[in-house]
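**Q** The structure's right below; bear with me while I get my questions together.
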Amino acid sequence: MTDRMPVDGPYRIYVDATPTGAGVDVSHYLTAVLLNLANAAEEDPVGVLESLVDLAAVARSAAHQGRDSHAAHERDERVERLLAEVADGGVLPVYGAQVARFAGRLSQIAAPRALPGQQDRRAS
């Protein structure tokens, strides 16, 4: 396991430093979500497509009506149901020692570090 991948299962999570913080790569988890959605569509293509199209319409309505509108609450409920169905509620499990490695990697990245221009000046 690399520092970049502090979590190797059940879904791999990669963490990279960025100029302004950290990038957390959860593409392995998202791949599983998309495959679950594809399987659901294979079982009921019309129903899944209708649900997604309806969700898009409700989301558009919520964007126009505001975050405390009926449409926003309906959108949130529909998304919650879909996440429960295809994404384990949207929760990425991290077990055992991987929790400490994940936290450690984030702490390592969060530690103050010199910007590239500052490193050059100190070396002179």
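The values are calculated or read from the model by the stated rules, or taken from the named source; none is laboratory data. Nothing here was measured: the structure is a model prediction, and the numbers come from that model. All Cβ positions, glycine included, derive from the backbone under ideal geometry; neighbour counts span all protein chains shown.
**Q** Look at the stretch 25-51 and say how many of its residues are hydroxyl-bearing (S, T, Y) and either farther than 27 Å from R12 by Cα or outside any helix (DSSP H, G or I) (or both).
**A** Adding up the residues that qualify gives 1.
**Q** Scan the stretch 7-32 for residues that are among the β-branched types (V, I, T) and over 13 Å from the mean Cα position of the chain (by Cα) and jot them down.
**A** V7, T18, T20
**Q** Can you go through D3, D25, D44 and tell me which one is of a type in the set (D, E), closer than 19 Å to Q98 by Cα and at pLDDT 95 or above?
**A** Of the residues listed, the single one that is of a type in the set (D, E), closer than 19 Å to Q98 by Cα and at pLDDT 95 or above is D25.
**Q** Look through D3, D54 and report the one residue that is under 30 Å from L106 (Cβ atoms), in contact with a Lys or Arg (Cβ under 9 Å, 6 or more places away or on another chain), not basic (K, R) and not in a strand (DSSP E or B).
**A** Being under 30 Å from L106 (Cβ atoms), in contact with a Lys or Arg (Cβ under 9 Å, 6 or more places away or on another chain), not basic (K, R) and not in a strand (DSSP E or B) holds for just one of D3, D54, which is D3.
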